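In what follows, a structure is listed as structure tokens, so that the remarks can point back to it.
The values are calculated or read from the model by the stated rules, or taken from the named source; none is laboratory data. Computed from a predicted model, the values in this text were never measured in an experiment. Here the Cβ is made from the backbone with ideal geometry for all residues, glycine too, and neighbour counts use every protein chain on show. In case anyone asks, the SASA skips ligands and DNA or RNA and just uses the protein heavy atoms, side chains included. Shrake-Rupley method; radii C 1.70, N 1.55, O 1.52, S 1.80 Å.
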Amino acid sequence: MSIKAFQPYELAGKKLKNRIVMAPMTRSRAPGATPTPSMATYYAQRAGAGLIITEGTHPSAQGQGYTDVPGLHSTAQVDAWRTVTDAVHAEDGAIFAQLMHSGRIGHPDLLPDGLVPVGPSPVQAKGRFFTHTGLQDFVTPRELTEDEILSTIEDYASAARNAITAGFDGVELHGANGYLIHQFLSTHTNQRDDRWGGDVDGRIRFAVEVARATSQAIGADKVGIRLSPGATVNDINDDPDHDATYLPLVRELASLDLAYLHFAERAGRDLTRRIRAAWPSTLILNPDTGTTPTGPADLGLIEDGITDLLAFGANFIANPDLPYRLATGAPLAEGDRATFFGGDDRGYIDYAPLD
């Protein structure tokens, strides 16, 4: 049992009630890309976490990558998110919005006004993708122009401002799992020869400039970023020398004095330790636990100083009171995977806390 995990923690001036983080998880319960009252209930039920990070939320219409996922680029979306943040804050919780531009991961069927998926280079992802019209092959993305890159950076900043207007405590930039920021980092998906590609300085530029723009928009103390060196999801492939890309990136991001780095461990504990040593502020770790979700056995990572905060994903679905269960050693319920993505309130807000 880790005692430290359940002690308060100060995150960039904001006091968290414990060191347990609810990781971002796509649930596809936002028809029309707008949060619903059920989403307010869902997040409020889980406000026992020290910090909640929302599901991936697109910063622009162009950035949507999945069916029924929320955005943060319209007045209606901001107003709907305000209902969610109010509900979480009423339970003394803290909540950051994860800003996720999916880049090449998506399909024209999901996008309005003739838009198509975009990326740093026209490199098609392998695989198929679920849309409202059924499974579709990924398409070759349209390569972003210089002006469009700058406009996309501003989309992140604008969405960050919208997040604060909607009552969020901050935002997390999704730079992991093969989405747009990660696509710029990878030599596989970024084959540009201008200042946004090529060498390491070019490939990390987009991530750094997005972080800089959002920090200038809402304050660096309200901005975190998620990275996942070595992840292969969404047909992404990093340069095998992870240190060569990610240590310079982490040093550049550190100079911006961001609130935290959310590190998805996909390339071994030794790399995690090197990233930890290079990062001067709060580290949130999503540990590599193989095919099982992060659970009670991983709490020792906080006690051992490997991380400051520990992210839990799937176990938060069926255990809305997960921090209480972890603290008391109570058994964990198992979620119904058939209801993880999409559907109604079943498998979403009907999991009961312990008496």
*Gain upon complete extension [D288, Q124; 0.36 nm per residue less C-alpha separation]*: 56.3 nm
*Given a 1.4 Å probe and the protein chains all in place, what does the accessible area of D336 round to, in Å² to the nearest 10?*
80
*Just need the relative contact order of the chain here, percent rounded to a whole number, with Cα pairs under 8 Å and 6+ apart.*
17
*aspartates and glutamates near K15 by alpha-carbon distance under 12 Å, same-chain residues fewer than 8 away left out - which ones?*
D92, D169
*Near K17, which lysines are there with a Cα under 24 Å away, not counting those fewer than 8 places off in the same chain?*
K4, K222
*Roughly how many Å is it from the Cα centre of segment 277-312 to that of segment 108-141, as a whole number?*
34
_Among DSSP bridges having both ends in the chain, what percentage is antiparallel? Round to the nearest 5._
20
*asked:* Can you order the peptides 264-276, 93-105 by their average number of other Cβ atoms within 10 Å per residue, highest first?
replied: 93-105, 264-276
*Give the carbon-plus-sulfur fraction of the accessible surface of segment 262-332 in %, rounded to a whole number; probe 1.4 Å, heavy atoms of protein chains only.*
50
*Rounded, prolate or oblate: pick one for segment 262-335, where a ≥ b ≥ c are the square roots of the eigenvalues of its C-alpha gyration tensor, a/c under 1.5 means rounded, and failing that, prolate if a/b is larger than b/c, else oblate.*
prolate
*Comparing L247, L135, L326, which has the greatest mean-square fluctuation in the GNM of the chain with Cα pairs linked when under 10 Å apart?*
L135
*With the other protein chains left in place, how much accessible area per residue, in square angstrom, belongs to segment 108-189 at a 1.4 angstrom probe?*
39
_Solvent-accessible area, 1.4 Å probe, carbon plus sulfur percent, for segment 184-242_ = 41
_Distant-in-sequence amide H partners of H262 (H built 1.01 Å from N, under 5 Å)_ = I225, R226, L227, I284
